[in-house]
Amino acid sequence: MARVIVDVMLKPEILDPQGQAIARALPRLGFSGVSSVRQGKRFEIELEGAADEAALAEVRKMAETLLANTVIEDYSVRVEG
Amino acid sequence: MSERSERPSEHGDEVGRPTDAGGRTTDSVVRAAATPDEPMPFAELGMKQDEYDRVKDILGRRPTGAELAIYSVMWSEHCSYKSSKVHLKQFATKAPKSEALLVGMGENAGVVDIGDGWAATFKIESHNHPSYVEPHQGAATGVGGIVRDIMSMGARPIAVMDSLRFGAADAVDTRRVLPGVVEGISHYGNCLGLPNIGGEVVFDPCYIGNPLVNALCVGLLRKDQIKLATAPGPGNKVVLFGASTGPDGIGGASVLASATFEDESQAKRPAVQVGDPFMEKLLIECCLELYAADVVVGIQDLGAAGVSCATTELAAKGTGGMDVDLNLVPLRDPSLRPEEILMSESQERMMAVVRPDDIPAFMAICAKWDVPATVIGEVTDTGRLVMTWDGEVIVDIPPGTAADEGPVYERPFHEPAGQAALNADAPDRLERPADLRATLLKLLGSPNLASKEWVTSQYDRYVRSNTVLAQPADSGMLRISESIAGAEPTTRGIALATDGNGRYAKLDPYAGAQLALAEAYRNVAVTGAKPLAVTNCLNFGSPEDPEVMWQFAEAVRGLADACKTLGVPVTGGNVSFYNQTGSTAINPTPVVGVLGVIDDVAKRVPTGFVAEGLRVVLLGDTHEEFGGSEWAHVVHRHLGGLPPQAALEAEQALATVLVEAASRGLLEGSHDLSDGGLAVALAESCLARGVGASVELCGDAFTELFSESAARALVAVRPEAYDEFASLCARHEVPCYGLGVTGGTSLVVKDVFEVPVEELRETHSAALPALFG
Amino acid sequence: MSAARVGVVTFPGTLDDQDAARAVRLVGAQAVPLWHADRDLNGVDAVFLPGGFSYGDYLRCGAISRFAPLMEEIVPAAKAGLPVIGTCNGFQILCEAHLLPGALTRNGSLHYVCRDQKLRVEQTATAWTNAFEAGQEIVLPVKHGEGRYVADADTLAALEAGGHVVVRYLGGNPNGSLNDIAGIRNEAGNVVGLMPHPEHAVEELVGAPSTDGLGFFTSILKNLVNA
């Protein structure tokens, strides 16, 4: 059993109105010093077996195919632990 | 009392035997009988000592934890109406004779005959407190709940409306609550594909800690296809379908679980229910296909009391008995205890009673729509609701005692101490304005009268392509013919409006409730539909406060009397008590929904001035009535005196004229007069299509423009149709005053003021965006 | 000649399918219901992907529907020239399926918006807009929370240069779409996606105060007759 994390983020050049709204709200709540916020998605994928290279390649394929829309989003894959 | 509960368990288990992997004790019926003095946490579950004693009387022993869960939730105010019942029965005893009423109060929703073999079912329900705790999910699940009520009648839900009350528009918390509520309604309703066709948004400081979120749904079905919540036929299967059961909204049950069973995992349970509109959409389509395949004998949605409510009510109304294996309930969280399963408020679940032979077909349809479905029990003729957990009997009760025979309270009530002083503080003493133009603009730009587009543009009003009228029209109107694929054509349509004025009801709850009905009734009639039936959502403070109880009793009495006079029966509704912060209750707020029918939907009357050169006609008489008015509220922050007189006979005559004139094609446009009086009605009529008007008043201009006398409407009539229309008014003794004509780019009140329509629009549309972004 | 057959696809969570089917019938064509889980296009002459919240818009709008068995039939057929239109969620699905470039993202306002929207028909050389005049101004309702069209600079430039922008927002952009783009077409012009809803502007009595949506349906008839 292993857990693989896939983070999906809008590409840097794509406008993120949700992140911007959060960034605008922070100073109102008394948080200063934040220059920008980007909002993304985190997927926690529980594997039946070990997170070996073959399994990670499979997860990358999942991310490429379904989890991220690579037209507008980037993804990264890592093993938790 | 009961044979079965006294019988030793068939399993012969020893008392107190640990029965599950976690080493937790199952509080079985056998164990309960053997440990009569074990203290049960009934008080923590909101149950009074005498109520608990009655449960023991019914069962002839102490209840098990699971039984206590069922009785506590079924006998709660929310499910049993124990404080309101004695008053609500007036809706039945005073009900006008109506051939249209097919299903009255007591079912999931009332059903009315709307002609040509069609029936409509509609109901309004509150989700107030959850919407304060978590505005988005609270409001969203409010929509979900009322939609399932409508589905469970056998109908296709075809539209929703929302009647909303918030604290002062500029209050900090309103900026948290309102956007969340609107987003919750928007997301859930839009995702279901139900047009949102009307409702209200009202601000008043009294709602600051107690926003009101009253959601209405209307559904359509063939008259002979009504489904009821009943479980007849021993041997028939009980199917739970939809979402799985999780630890949603079971704060109360956790108390029970932790008190009965030492287990830390029970400590934290979320009080907020999370809605899944996608599952609900699948449920809608799935249910309709199940109905069409005729594989459903009885059906019930799972609402506030979840499995407890569905099983007891279905069993009580059917053959009388049911066996359920709670281990079969699909769980989202496997650690749930039976008491929690019984009280879980997880959303998007339904329970059906299905003939054994139909189970394969039932399951196939559920599979087609990806809706999980599980047989959890079957109907019996034992007269007992019996539930097992890990093979042990943990519930064995006569279901009717939980569902129908809850406690009934005659709560004391008396007129509030300050009521006479409040009524004596008439608005006569308020300074009248010198500048009526400025007064109009001030009212038009005030949050209660300003454009609600900021809210309503977040709702899909077009989906299903049957929306004839939607907000800001006086009523929402839907075409029937195309509402269900393949159905026989009809020219008919239905119209719906909701109204309620807490300030009026505070000044006089009897009249306030009548005025709420009168306005909704009028709003339906001005669009050309004949008012037919009523639903209501009665929002009040604590029934334990005799002054609040007086407001409630008066409002119900007023509403029942007015329904009788107007000939429109109450078909169902909802009571929401305890809307108060500390000892301060909200203004009593009876919200009334009226459903009407228009024989030919193509003859609907649009709201406002649609063209130039039309006669502007005022119907009804204007008196000096400023108690509870928008003018007193906005300009003077004053609430006192008496509300306008509820002139019900005049209201009825006005509606008769409006409906007949519409059917004869005499009306080009119309608008009801209510908050803000004639001045605001004229301004809104100009704003509808950007067409101005020139009018002339006789009498005191301030009173004519801003009084809120009831039983009035504004209509636009082609000059050549005016004589016919005037004689129709005369025949029904409806006062009819030609005020002027439509046209131009300004609203001109001769010798009083002139305001360009563009200026009206800027004032009207700027207020809410300025407040909420 | 038998009536043209336009397939209307229903995914779980599709909402505007009945409306699209009604609009198809209104212009005299036959609406053929197509179910997402089937692998059969039933020999339809064109396909309408309606709006809604397929799969609850979970993950991303259109991201799951794109993999429906029926889509495995639609994608190659569209590439081979079958006329396909996607409105709202249908447009999102077409982009997710890469039949059209770019993507639809959360509205700039962060609010769902339902309003009657003025538009300009920029491109009539498509299977779905040939009944309009180039530059014609029309009104259709928009109703969506994620309709902001985005694409990288090269794609955008290519869309503009190739005349692939089919409809553009006028009088205020409801969602912050780049270049006010409301709808686009593919290179061949048989595939069109747009956020506004033609099917809700086809009757005087109901829907938006316009019947401008009819043009999309008469276009496809014209296209099929001429084909």
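The values are calculated or read from the model by the stated rules, or taken from the named source; none is laboratory data. Everything numeric in this text was worked out from a predicted model, so none of it was measured. Ideal geometry is used to build each Cβ from the backbone, glycine not excepted, and the neighbour counts take in all protein chains shown.
Annotations
- Listed conditions (1) more than 22 Å from C:V225 (Cβ to Cβ); (2) at the interface with another protein chain (Cβ under 10 Å from one of its Cβ atoms); (3) at pLDDT 95 or above; (4) buried (at least 22 other Cβ atoms within 10 Å of the Cβ) are all met by C:F11, apart from (2).
- Of the residues making up the stretch A:1-24, just one is among the acidic types (D, E) and in a strand (DSSP E or B), namely A:D7.
- Residue pairs whose Cβ atoms lie under 8 Å apart, sitting 6 or more positions apart in sequence or on different chains, and linking a residue in the stretch C:175-192 that is of a type in the set (V, I, T) to a partner that is in a helix (DSSP H, G or I), are C:I181/C:L159; C:I184/C:L159; C:V191/C:A78; C:V191/C:L94.
- A:V6 in contact with a helix residue (DSSP H, G or I) (Cβ under 8 Å, 6 or more places away or on another chain), farther than 22 Å from C:R60 by Cα and modelled with pLDDT of 90 or more: no
- Picking from residues in the stretch C:110-139 that are over 17 Å from the mean Cα position of the chain (by Cα) and of a type in the set (A, V, I, L, M), the one that is modelled with the highest pLDDT is C:V113.
- Applying the criterion of at least 1 residues that are crowded, with 20+ Cβ neighbours inside 10 Å, more than 31 Å from the chain's Cα centre (by Cα) and among the small types (G, A, S) to the strands (runs of 3 or more DSSP E) found wholly in the stretch B:617-729 leaves B:693-695, B:713-717.
- Boolean, B:N536 is under 20 Å from B:V202 (Cα atoms), modelled with pLDDT under 95 and assigned to a strand (DSSP E or B): no
- Residue list for the stretch B:1-29, restricted to those being under 43 Å from the mean Cα position of the chain (by Cα) and either at pLDDT 95 or above or part of a loop (DSSP other than H, G, I, E, B) (or both): B:M1, B:S2, B:D20, B:G22, B:R24, B:T26, B:D27, B:S28, B:V29
- Selected residue (criterion: nearest to the other protein chains (Cβ to nearest Cβ)) from residues of the stretch C:116-131 that are surrounded by fewer than 24 Cβ atoms within 10 Å (Cβ to Cβ) and within 23 Å of C:V9 (Cβ to Cβ): C:A131
- Beta carbons closer than 7 Å, at least 6 apart along the sequence or on distinct chains, pair a first residue in the stretch B:683-710 that is among the hydroxyl-bearing types (S, T, Y) with a second that is in a helix (DSSP H, G or I) for B:S707/B:G677.
- Among the residues of the stretch B:96-118, the ones that are within 12 Å of B:L595 (Cβ to Cβ), out of contact with any helix residue (DSSP H, G or I) (no Cβ under 8 Å at 6 or more places or on another chain) and in a strand (DSSP E or B) come to 5 in all.
- Residue check, B:S583 over 21 Å from B:D116 (Cα atoms), surrounded by fewer than 23 Cβ atoms within 10 Å (Cβ to Cβ), in contact with a strand residue (DSSP E or B) (Cβ under 6 Å, 6 or more places away or on another chain) and not aromatic (F, W, Y): no
- B:E415 vs. criteria of a type in the set (D, E), out of contact with any strand residue (DSSP E or B) (no Cβ under 7 Å at 6 or more places or on another chain), crowded, with 16+ Cβ neighbours inside 10 Å and more than 30 Å from B:Y188 (Cβ to Cβ): no
- Pair list, Cβ < 7 Å and 6+ apart or interchain, from the stretch B:142-161 residues that are crowded, with 24+ Cβ neighbours inside 10 Å to residues that are among the polar types (S, T, N, Q) and in a strand (DSSP E or B): B:I150/B:T121; B:S152/B:Q300; B:M153/B:T121; B:A155/B:T121; B:V160/B:N196; B:M161/B:N196; B:M161/B:T498
- Test: residue in the stretch A:53-62 that is assigned to a strand (DSSP E or B), at pLDDT 90 or above and of a type in the set (G, A, S): no
- Unmet requirement for B:K223, which otherwise passes all of (1) out of contact with any Gly (no Cβ under 8 Å at 6 or more places or on another chain); (2) modelled with pLDDT under 95: (1)
- In this entry, B:Y459 passes the filter for residues that are under 30 Å from B:D599 (Cβ atoms), aromatic (F, W, Y) and within 13 Å of another protein chain (Cβ to nearest Cβ).
- So C:L224, is it part of a helix (DSSP H, G or I) and either more than 14 Å from chain B (Cβ to nearest Cβ) or of a type in the set (G, A, S) (or both): yes
- Look at (1) within 9 Å of chain C (Cβ to nearest Cβ); (2) without any contact (Cβ under 8 Å) to a residue 12 or more places away in the chain and you find that B:A438 fails only one, number (1).
- Applying the condition of being facing another protein chain (nearest Cβ under 10 Å) and in contact with a helix residue (DSSP H, G or I) (Cβ under 6 Å, 6 or more places away or on another chain) to the stretch B:468-484 and asking which residue is nearest to C:R25 (Cα to Cα) yields B:R479.
- Listed by first and then second residue, the pairs linking a residue in the stretch C:93-115 that is more than 8 Å from every other protein chain (Cβ to nearest Cβ) to a residue that is part of a loop (DSSP other than H, G, I, E, B) and basic (K, R), with Cβ atoms under 6 Å apart and 6 or more places separating them unless they lie on different chains, form an empty list.
- Output for the stretch B:337-363, where each listed residue is out of contact with any helix residue (DSSP H, G or I) (no Cβ under 9 Å at 6 or more places or on another chain) and hydrophobic (A, V, I, L, M, F, W, C): B:I359, B:M363
- Selected residue (criterion: nearest to the other protein chains (Cβ to nearest Cβ)) from residues of the stretch A:54-74 that are touching a residue at least 12 places away in the same chain (Cβ under 8 Å) and not hydrophobic (A, V, I, L, M, F, W, C): A:E73
- Qualifying residue in the stretch B:348-358 (condition: surrounded by fewer than 24 Cβ atoms within 10 Å (Cβ to Cβ), aliphatic (A, V, I, L, M), touching a Leu at 6+ places or on another chain (Cβ under 8 Å) and in contact (Cβ under 8 Å) with a residue 60 or more places away in the chain): no
- Among residues that are touching a residue at least 24 places away in the same chain (Cβ under 8 Å) and surrounded by fewer than 13 Cβ atoms within 10 Å (Cβ to Cβ), A:E46 is included.
- Test: residue in the stretch B:119-127 that is in contact with a strand residue (DSSP E or B) (Cβ under 9 Å, 6 or more places away or on another chain), of a type in the set (K, R) and not in a loop (DSSP other than H, G, I, E, B): yes
- One residue stands out among those in the stretch B:539-572 that are of a type in the set (S, T, Y) and not in a helix (DSSP H, G or I): the one that is nearest to B:Y409 (Cα to Cα), which is B:S542.
- Which listed residue is touching a Ser or Thr at 6+ places or on another chain (Cβ under 7 Å) and within 14 Å of chain C (Cβ to nearest Cβ), from B:V160, B:V181, B:V213: B:V181
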